[in-house]
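The values are calculated or read from the model by the stated rules, or taken from the named source; none is laboratory data. Note that the structure is predicted; figures quoted are calculated from it, not measured. Glycine also receives a Cβ, built like all others from the backbone with ideal geometry; neighbour counts cover every protein chain displayed.
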Amino acid sequence: MAMPMPHKSPVARVVQAWFNPLKRSAGFLAFVLMRITGIGLVVYLLLHMVVIGNLLRGPAGWDSLIQTMKAPWVLALDVVLIAGILIHMLNGLRVTIIGLGFGTQSHKGLFWTLMAVALLLLVYSGWLVFSK
Amino acid sequence: MNNNGLFGQNKTITLKVWRYKPGTIDPPRYDTFQVQANAVTTVLDALEEIRATQDGTLLYRHSCHHASCGTCGMRINGREQLGCVARLLEQGGDVVVVEPLAAAPPIADLVVDMTPFAGHFAPAGMRLVRASEFNAEAETPPGIERFSRYEDCIECNLCLSACPVANTNPAFIGPAGLAAAYRALVTGERSPAEVFADVDHDNGVWRCHSAMECSAVCPSDVNPGHKIMALRRELVVAKVKRFFKGG
Amino acid sequence: MRSIEEKRRSGTWIGQAITGVLLVILLSLHMIVHHFVVEGGLRTYEQVLDYIGNPLVVTIEILFLVVVTYHAMVGVRAILFDLPLNERQKGLVTQVLTVVGVIIVGWGVFLALWLFRMARMA
């Protein structure tokens, strides 16, 4: 079957279709966020599995590593990670609920409510990350 | 369009129209046209004006001019709309970009190939006629009990164009086709086994990621996103039942 | 016509929903016990051993690993299947992601059991 818009490169088409929420409504924004955070979390999972491999090096290897992990820029990345988790988790609940045919008429309200919850939890988590 | 006053002051609007003719305007480009518009001028009006007075080679499709035939779907400032009811001055700005629908192969200018749409839509089997919600006060002719209307979907392809998945995977049945399948299921026109066989696969109901943009752009209140979700629920219930019955 | 293969692979959405809901619990637990209740936010080697030496904990951690890896791999597959892949390419994607998933789980289980053994010996 012929591809849509043959004059756009496949990459440009994918970026436009999956990652550009401009001119689109809340559900589309939720989809874009879900996709970006999902990809980010998979990358993090792989990274995390490699990093915790340092436990094999015993207390000397691990304890010095976690000292470097307490640098402010790493903590800032932790907050980004938590944001990704919260957005993906709460949006995932929304997708599950509406995917089972419940609340499809009020999916936008559900999205903004859950994102407000995500923001509150993020502020609290951020405070914990930088104060502990 | 010289009815200055009656429908508000005329305003000059610049239309940037996507042009493409295989072998002639290839690669595609945007052509710029200026038109006078008042409060009731639609994008389709403007295109007709351009074709009549500025560039007779401009191609677009249309028929009814009142959002009933679903022929003049296009992307106006990046959003899928029917050109015949999209008012030019309500598009937010003095420059309005007009492009063909996405997720359909372009034929020329704003005309796209509707074959992929029909290929996904037709198999669902839409033959539903229902009671009209309009003209409740209208007198019915003798011998006719009430007015009926055909199904809401006007087969305009806006939903497919707005769908993030249909834009990258032409094999996806898409919003209109899945909504039609759900309707065939609830009206009993087709058996659950028939409908499920059509939609329970990678390019069917499970391919939808609930962006709900199809419902956002639908000009005819079909609400395809809602119907896909409802269809998915029917399938989940059927699968869970089958799982516990050990079928 | 759709192949039997294609039909067989339907329904991972339900799997994603179930593992997703499980992850809300397991990931929240993981974040809280590993980072939020720990002074300094990260467990030292000794603290890790203290914790993972508990058979219940190591069981939950392995369950979490399996669930999160499944969810991640099926998620990547769902994204890739939005591209116009043919049946052969889809099969390849599924196979590659299965192998990656098995490697992640294998590595994680090895690590968890190794730490569990160290904790028991200590």
I want to confirm something. Restricting to region A:91-113 and keeping residues that are surrounded by fewer than 20 Cβ atoms within 10 Å (Cβ to Cβ) and under 13 Å from residue A:34 (Cα atoms), which single residue is nearest to the other protein chains (Cβ to nearest Cβ)? A:96
I'm told residue A:65 meets every condition in (1) under 19 Å from the mean Cα position of the chain (by Cα); (2) at pLDDT below 95; (3) not small (Gly, Ala, Ser) except one. Can you identify the failing condition by its number? (1)
Restricted to region B:77-106 and to residues being surrounded by fewer than 20 Cβ atoms within 10 Å (Cβ to Cβ) and out of contact with any Lys or Arg (no Cβ under 9 Å at 6 or more places or on another chain), the residue nearest to the other protein chains (Cβ to nearest Cβ) is B:105
Scan region A:25-40 and tell me whether some residue there is more than 14 Å from chain B (Cβ to nearest Cβ), part of a helix (DSSP H, G or I) and farther than 18 Å from residue B:207 by Cα. yes
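For region B:235-247, give me each residue that is in a helix (DSSP H, G or I) and either within 8 Å of chain A (Cβ to nearest Cβ) or surrounded by fewer than 18 Cβ atoms within 10 Å (Cβ to Cβ) (or both). If you could, list the steps in order and put the result at the bottom.
Of the residues in region B:235-247, the ones in a helix (DSSP H, G or I) are B:235-245.
Correct list: B:236, B:237, B:238, B:239, B:240, B:241, B:242, B:243, B:244, B:245.
Looking at A:47, A:56, A:75, A:33, which one is over 18 Å from residue C:78 (Cα atoms) and touching a helix residue (DSSP H, G or I) at 6+ places or on another chain (Cβ under 6 Å)?
Only one candidate passes the filter, namely A:75.
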Scan of region B:204-222 for residues that are surrounded by fewer than 21 Cβ atoms within 10 Å (Cβ to Cβ) and either part of a loop (DSSP other than H, G, I, E, B) or of a type in the set (D, E, K, R) (or both), ordered by number: B:219, B:220, B:221
For region A:74-116, name all the residues that are closer than 20 Å to residue C:18 by Cα and among the charged types (D, E, K, R). A:94
Against the conditions (1) within 14 Å of chain B (Cβ to nearest Cβ); (2) part of a helix (DSSP H, G or I); (3) not charged (D, E, K, R), where does residue A:22 fall short? Just the number, please. (2)
Verdict on residue B:179 being surrounded by 24 or more Cβ atoms within 10 Å (Cβ to Cβ), aliphatic (A, V, I, L, M), within 13 Å of another protein chain (Cβ to nearest Cβ) and over 15 Å from residue B:120 (Cα atoms): no
Based on what the data block shows, is residue C:88 without any contact (Cβ under 8 Å) to a residue 60 or more places away in the chain, surrounded by fewer than 15 Cβ atoms within 10 Å (Cβ to Cβ), away from chain A (no Cβ under 13 Å) and charged (D, E, K, R)? yes
Conditions (1) surrounded by fewer than 20 Cβ atoms within 10 Å (Cβ to Cβ); (2) without any contact (Cβ under 8 Å) to a residue 60 or more places away in the chain; (3) in a loop (DSSP other than H, G, I, E, B); (4) at negative phi: number failed by residue B:122: (3)
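Among the candidates A:53, A:40, A:58, single out the residue that is touching a residue at least 40 places away in the same chain (Cβ under 8 Å) and not aliphatic (A, V, I, L, M). Spell out the reasoning first.
Numbers: A:53 fails: touching a residue at least 40 places away in the same chain (Cβ under 8 Å); A:58 fails: touching a residue at least 40 places away in the same chain (Cβ under 8 Å).
Being touching a residue at least 40 places away in the same chain (Cβ under 8 Å) and not aliphatic (A, V, I, L, M) holds for just one of A:53, A:40, A:58, which is A:40.
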Of the candidates A:74, A:11, the one satisfying the condition of being within 13 Å of chain B (Cβ to nearest Cβ), assigned to a helix (DSSP H, G or I), over 26 Å from residue C:110 (Cα atoms) and at pLDDT below 95 is A:11
Take residue C:59 and decide whether it is closer than 27 Å to residue B:236 by Cβ and over 12 Å from the mean Cα position of the chain (by Cα). no
Going through B:144, B:154 one at a time, which residue ends up being surrounded by fewer than 20 Cβ atoms within 10 Å (Cβ to Cβ), more than 9 Å from chain A (Cβ to nearest Cβ), among the aliphatic types (A, V, I, L, M) and in a loop (DSSP other than H, G, I, E, B)? B:144
Of the residues in region A:94-114, how many are in contact with a helix residue (DSSP H, G or I) (Cβ under 7 Å, 6 or more places away or on another chain) and over 17 Å from residue B:205 (Cα atoms)? 9
Could you please find all residues in region B:223-234 being in contact (Cβ under 8 Å) with a residue 60 or more places away in the chain and either within 8 Å of chain A (Cβ to nearest Cβ) or surrounded by fewer than 24 Cβ atoms within 10 Å (Cβ to Cβ) (or both)? none
Boolean, residue A:47 is within 14 Å of chain B (Cβ to nearest Cβ) and part of a helix (DSSP H, G or I): no
Scan C:57, C:37 and give me the residue that is closer than 25 Å to residue A:89 by Cα, out of contact with any Leu (no Cβ under 9 Å at 6 or more places or on another chain) and surrounded by fewer than 16 Cβ atoms within 10 Å (Cβ to Cβ). C:37
Which pairs turn up if I take residues in region C:29-43 that are closer than 18 Å to residue A:76 by Cα and look for partners that are of a type in the set (Gly, Ala, Ser) and buried (at least 16 other Cβ atoms within 10 Å of the Cβ) with beta carbon separation below 7 Å, at least 6 apart in sequence or on another chain? C:35/C:41
Out of region B:29-65, which residues are of a type outside the set (Val, Ile, Thr), out of contact with any helix residue (DSSP H, G or I) (no Cβ under 6 Å at 6 or more places or on another chain) and without any contact (Cβ under 8 Å) to a residue 24 or more places away in the chain? B:29, B:34, B:48, B:51, B:52, B:54, B:56, B:63, B:64, B:65
